[in-house]
Amino acid sequence: MSKIQLAISPLTWSNDDMPELGGEIALETCLSEMRQAGFTGTEMGAKYPRDPQVLLPLLQRHGLRLASGWCSGNLMRDDVETEWKAIAPHVALLRAAGVKAMVYGEVRNTVHGDIHRKLSSRVVLGTEEFRRYGTRLTALAERLLSEHGIRLAFHHHVGTIIETPQDVLRLLECTGEAVGLTFDSGHAAFGGADPAVLLRELAPRVAHVHFKDVRPAVLHQTRAADKSFLDAVLAGAFTVPGDGAIAFEPLLTLLGQAGYEGWIVVEAEQDPALAHPLTYARLAHRNIADLLAAGGYSARDGVWEA
């Protein structure tokens with residue numbers, strides 16, 4: 001049994017790491033077009049109000065639910081208690097919205113948000129650093145789950161300490177079962193993995209899913225020239241499912257076999273001046289919905305079940 005709901009990230013409309021991309025697009029436009037495209041959920045973005053008494057009625061008016069929200073982690077620097085206090089307002093917002101999995105990424109030493117930082121300059125952890133980080137992350141995840149019923153879903157991401165498939169597998173070895181994963185198809189490919197091969201190994205720990213597609217020629221050019229992650233975004237490295245090179249049918253099959261229940265979030269950072277957001281959002285929804293239907297899923301009230 002597998003139950004899936006479809007959401008889309010506001011990154012299709014405006015980019016949090018590069019506010020000049022889509023900075024002029026109003027939040028109301030973003031939310032309205034998400035629903036027009038067929039999605040029933042969204043993740044948090046920089047333009048979203050962080051007061052649940054403001055945010056949740058706003059989403060409800062547009063027929064949307066909060067699927068999750070990125071949490072910027074600093075466990076490479078801070079101890080668990082310091083980190084717990086720092087993320088408390090974000091956790092409170094997610095809990096008020098009924099979110100079941102919190103997307104978490106380490107930002108203390110990332111290069112992905114700096115257009116002047118080459119991808120080759122990312123931090124690579126040694127054995128002892130991995131062990132120490134895994135211990136802290138496990139403690140944080142266990143507390144989040146026991147006190148709030150929210151699963152920590154660690155996001156592997158190009159330009160961070162967890163970029164390659166080897167990094168992801170090593171993280172699993174160094175953490176307990178409370179640490180789940182946000183599987184991201186685009187970052188898997190950019191990090192050097194075959195997304196389906198990686199997901200087959202990760203499936204039992206997947207707590208949240210991001211679907212983005214990639215244009216391999218841009219990925220190759222970015223690596224060959226040792227450019228930044230944001231250079232890759234501007235060059236069109238990412239697009240929506242079905243518009244690039246990733247095969248999503250095997251990914252849906254693996255999620256179904258694992259009994260995945262949760263959100264699949266379309267997350268495709270593009271320049272909205274070049275990639276019309278509503279057009280690409282509709283394309284993404286249609287492509288994923290067609291694959292779900294072909295895979296034996298049926299939709300009722302926004303929930304796809306097989």
* Asked: Taking into account only those residues within segment 278-292 that are out of contact with any strand residue (DSSP E or B) (no Cβ under 7 Å at 6 or more places or on another chain) and of a type in the set (A, V, I, L, M), which is farthest from SER9 (Cα to Cα)?
  -> LEU291
* Asked: Within the bounds of segment 29-46, is there any residue that is acidic (Asp, Glu) and over 19 Å from the mean Cα position of the chain (by Cα)?
  -> yes
* Among (1) in contact with a strand residue (DSSP E or B) (Cβ under 7 Å, 6 or more places away or on another chain); (2) closer than 12 Å to LEU11 by Cα, which single condition is TRP304 missing? -> (2)
* **Filter result (more than 28 Å from ALA299 (Cα to Cα), buried (at least 16 other Cβ atoms within 10 Å of the Cβ) and in contact with a Ser or Thr (Cβ under 8 Å, 6 or more places away or on another chain)) within segment 1-47** => LEU21, GLY22, ILE25, LYS47
* Structure fact -> Here the qualifying pairs (Cβ atoms under 7 Å; residues six or more apart or on different chains; first in segment 105-127 and over 16 Å from ALA225 (Cα atoms); second aromatic (Phe, Trp, Tyr) and in a loop (DSSP other than H, G, I, E, B)) come out as GLY105/TRP70
* Asked: Are there any pairs, at least 6 apart or on different chains, whose C-beta atoms fall under 9 Å, with the first in segment 212-236 and closer than 23 Å to SER9 by Cβ and the second of a type in the set (Phe, Trp, Tyr) and part of a helix (DSSP H, G or I), and if so, which?
  -> VAL214/PHE190; LEU219/PHE190; THR222/PHE190; THR222/PHE229; PHE229/PHE190; ALA232/PHE190
* Quick one: is VAL54 β-branched (Val, Ile, Thr), out of contact with any helix residue (DSSP H, G or I) (no Cβ under 9 Å at 6 or more places or on another chain) and modelled with pLDDT of 95 or more? -> yes
* Structure fact -> Checked against (1) buried (at least 19 other Cβ atoms within 10 Å of the Cβ); (2) closer than 30 Å to PRO19 by Cβ; (3) at pLDDT 95 or above, HIS112 satisfies every condition except (3)
* Asked: Does GLY180 satisfy the condition of being buried (at least 18 other Cβ atoms within 10 Å of the Cβ), part of a strand (DSSP E or B) and at pLDDT 95 or above?
  -> yes
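The values are calculated or read from the model by the stated rules, or taken from the named source; none is laboratory data. Keep in mind it's a predicted model, so treat the numbers as computed, not measured. Every residue, glycine as well, gets a Cβ built from its backbone with ideal geometry; the counts of neighbours run over all protein chains shown.
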